[in-house]
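Visitor: Take this structure first; my questions come after.
Just so it is clear, none of the values below were taken in a lab; they were calculated from the coordinates. Remember, predicted model here, so these are calculated numbers, not experimental data. For neighbour counting, all protein chains shown are included, and Cβ atoms are generated from backbone atoms with ideal geometry for every residue, glycine included.
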Amino acid sequence: MVKASIALVTGSSSGIGFETSLALARKRIDTFATMRTPQKGDTIKKIAKEENLPITVLKMDVNNDDSVRKVVKEIVDKVNRIDILVNNAGYGLFGALEDLTTKEIRNQFETNYFGAVRAIKEVLPTMRKQRRGVIINVTSIAGVVGIPGECIYCSSKFALEGLSESISYELQPYGIKVILIEPGVINSNFIPNIKFPSLIDEKSGRLRNNTSFSHYSETINAFLSHYYPLMKNAPSPTLVSKKILESVKIALSSPQCFFRYTVGEDSKSLATAKRDMSDFQLHDFITKRMLG
Ligand SMILES: NC(=O)c1ccc[n+]([C@@H]2O[C@H](COP(=O)([O-])OP(=O)(O)OC[C@H]3O[C@@H](n4cnc5c(N)ncnc54)[C@H](OP(=O)(O)O)[C@@H]3O)[C@@H](O)[C@H]2O)c1
């Protein structure tokens, strides 16, 4: 694609991160596939060996400042540059706001928002000196449209979208491009990894009063009855990795590039609805579509 390109991908143990690391390496981009549990890296290492791909697996927990700093330093010490950062690590926290603790909410932001912030801040000095770099932030259509039952997941992704839009101006003079990837439902480990409000109060160790039932269970259950079946026909993470590769290719080879990529039909239709409908129409459309 481009000579001497170096990529760092977060959350490469499964799903979109796994496929993106492979896709970049198959284009002969030296790829640092990072994950918080390196034992989960056996499959990607095996594929890399079989296909002779330039992949290095490194341990990196995006929740931890030192972990992110150490990995970026290790890469820069070794290869002296970083051209592509893919901020992919993330998970879904679902449930109604009143049912979630501030700790659960903070944890969601720690990974989905601050995880990306940490990685961006660490790679910037290198990209700025190079006067070249591409930062891909994997957000979601839930970072564009407020989805019922996903209030905190949505807000973490909206926050990352806002950051990305704003920093694109300060980074442009240094040749650093920022790109948003906004998938709809994708068949990865995302659904099995979704977290819900916990029933146990961490301080007392007892069942929380309001979570043996929820005042919002009707809405949440209606949404989940719409959401879970979508997984049956959901596209594979390779649909996203192909889009990431396409976006990187355009960003590295032309002065102008696209800022935002929706991935999947569901994402496209919701993004179009958000763009073309009034707030009232959109609310009505989402209520009918997702809450039945
Ligand atoms: N699948 C969807 O429907 C969908 C739709 C829109 C956007 N997305 C976004 O796409 C991204 C990738 O998700 P996916 O669908 O590929 O789900 P996935 O298969 O569950 O992959 C998530 C990855 O993030 C990693 N991760 C979580 N917390 C981490 C941490 N603190 N430090 C480092 N890595 C961490 C996971 O590692 P472990 O294996 O250690 O847990 C895993 O590698 C996420 O940001 C998600 O929000 C997904």
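Visitor: Could you identify the single residue in Ile82, Ile136 that is within 13 Å of the chain's Cα centre (by Cα), touching a residue at least 12 places away in the same chain (Cβ under 8 Å) and not in a helix (DSSP H, G or I)? So that I can check it myself, show each step before the final result.
Guide: Details: Ile82 fails: within 13 Å of the chain's Cα centre (by Cα).
Only one candidate passes the filter, namely Ile136.
Visitor: Is there any pair linking a residue in segment 173-184 that is small (Gly, Ala, Ser) to one that is within 16 Å of the ligand (Cβ to nearest atom) and in a helix (DSSP H, G or I), with Cβ under 8 Å and at least six apart or on different chains, and which?
Guide: Gly184/Ile141; Gly184/Glu265; Gly184/Asp266; Gly184/Ser267; Gly184/Lys268; Gly184/Leu270
Visitor: How many residues does segment 39-62 contain that are in contact with a helix residue (DSSP H, G or I) (Cβ under 7 Å, 6 or more places away or on another chain) and loosely packed, with under 11 Cβ neighbours inside 10 Å?
Guide: Count: 0.
Visitor: Also, quick follow-up: Return the only residue of Thr111, Thr101 being farther than 20 Å from Val248 by Cβ and in contact with a Pro (Cβ under 9 Å, 6 or more places away or on another chain).
Guide: Numbers: Thr111 fails: in contact with a Pro (Cβ under 9 Å, 6 or more places away or on another chain).
Testing whether each residue is farther than 20 Å from Val248 by Cβ and in contact with a Pro (Cβ under 9 Å, 6 or more places away or on another chain) leaves just Thr101.
Visitor: Let me ask another. Quick one: which residue in Lys121, Lys157 is near the ligand (Cβ under 10 Å from one of its atoms), under 30 Å from Ile6 (Cβ atoms), out of contact with any strand residue (DSSP E or B) (no Cβ under 7 Å at 6 or more places or on another chain) and not acidic (Asp, Glu)?
Guide: Working: Lys121 fails: near the ligand (Cβ under 10 Å from one of its atoms).
Of the residues listed, the single one that is near the ligand (Cβ under 10 Å from one of its atoms), under 30 Å from Ile6 (Cβ atoms), out of contact with any strand residue (DSSP E or B) (no Cβ under 7 Å at 6 or more places or on another chain) and not acidic (Asp, Glu) is Lys157.
Visitor: Can you find a residue in segment 213-232 that is under 30 Å from Lys177 (Cβ atoms) and in a loop (DSSP other than H, G, I, E, B)? Spell out the reasoning first.
Guide: Within segment 213-232, the subset under 30 Å from Lys177 (Cβ atoms) is none.
For segment 213-232, residues under 30 Å from Lys177 (Cβ atoms) and in a loop (DSSP other than H, G, I, E, B): absent.
Visitor: Residue check: is Asp65 under 21 Å from Asn137 (Cβ atoms), acidic (Asp, Glu) and more than 9 Å from the ligand (Cβ to nearest atom)? If you could, list the steps in order and put the result at the bottom.
Guide: On the way: under 21 Å from Asn137 (Cβ atoms): yes; acidic (Asp, Glu): yes; more than 9 Å from the ligand (Cβ to nearest atom): yes.
Here the answer is yes, as Asp65 does meet what is asked.
Visitor: Looking only at segment 113-143, which residues are more than 17 Å from Ile167 (Cα to Cα) and crowded, with 22+ Cβ neighbours inside 10 Å?
Guide: Selection gives Ser140, Ile141, Ala142.
Visitor: Could you please find all residues in segment 3-40 being without any contact (Cβ under 8 Å) to a residue 24 or more places away in the chain and outside any helix (DSSP H, G or I)? Break it down into steps so the answer makes sense when it comes.
Guide: Pass one, segment 3-40, residues without any contact (Cβ under 8 Å) to a residue 24 or more places away in the chain: 3, 38-39.
Answer for segment 3-40, where residues must be without any contact (Cβ under 8 Å) to a residue 24 or more places away in the chain and outside any helix (DSSP H, G or I): just Lys3.
Visitor: Continuing with this model, one more query. Listed residues Phe285, Phe259; which is among the aromatic types (Phe, Trp, Tyr) and within 20 Å of Glu165 (Cβ to Cβ)? Let's see the steps before the verdict.
Guide: Values: Phe285 fails: within 20 Å of Glu165 (Cβ to Cβ).
Criteria check complete, one pass: Phe259.
Visitor: Can you pull out the residues in segment 173-193 that are buried (at least 16 other Cβ atoms within 10 Å of the Cβ) and more than 9 Å from the ligand (Cβ to nearest atom)?
Guide: Within segment 173-193, Ile176, Lys177, Val178, Ile179, Leu180 qualify.
Visitor: Next question, about the same structure. Given (1) within 26 Å of Ser140 (Cβ to Cβ); (2) more than 10 Å from the ligand (Cβ to nearest atom); (3) part of a loop (DSSP other than H, G, I, E, B); (4) not hydrophobic (A, V, I, L, M, F, W, C), where does Thr43 come up short, assuming only one miss?
Guide: If we test Thr43 against (1) within 26 Å of Ser140 (Cβ to Cβ); (2) more than 10 Å from the ligand (Cβ to nearest atom); (3) part of a loop (DSSP other than H, G, I, E, B); (4) not hydrophobic (A, V, I, L, M, F, W, C), just (3) comes out false.
Visitor: Given the conditions (1) under 18 Å from the mean Cα position of the chain (by Cα); (2) within 11 Å of the ligand (Cβ to nearest atom), report the number of the one that Val71 does not fulfil.
Guide: (1)
Visitor: I've got another one for you. Consider Ile147 carefully, then state whether it is in a helix (DSSP H, G or I), more than 15 Å from Asp61 (Cα to Cα) and either touching a strand residue (DSSP E or B) at 6+ places or on another chain (Cβ under 6 Å) or within 12 Å of the ligand (Cβ to nearest atom) (or both). Before you say what the answer is, go through the steps one by one.
Guide: Details: in a helix (DSSP H, G or I): no; more than 15 Å from Asp61 (Cα to Cα): yes; either touching a strand residue (DSSP E or B) at 6+ places or on another chain (Cβ under 6 Å) or within 12 Å of the ligand (Cβ to nearest atom) (or both): yes.
Criteria not met by Ile147.
Visitor: Which one of Asp77, Asp61, Asp99 is without any contact (Cβ under 8 Å) to a residue 40 or more places away in the chain and over 17 Å from Ser12 (Cβ atoms)?
Guide: Sole residue among the options that is without any contact (Cβ under 8 Å) to a residue 40 or more places away in the chain and over 17 Å from Ser12 (Cβ atoms): Asp77.
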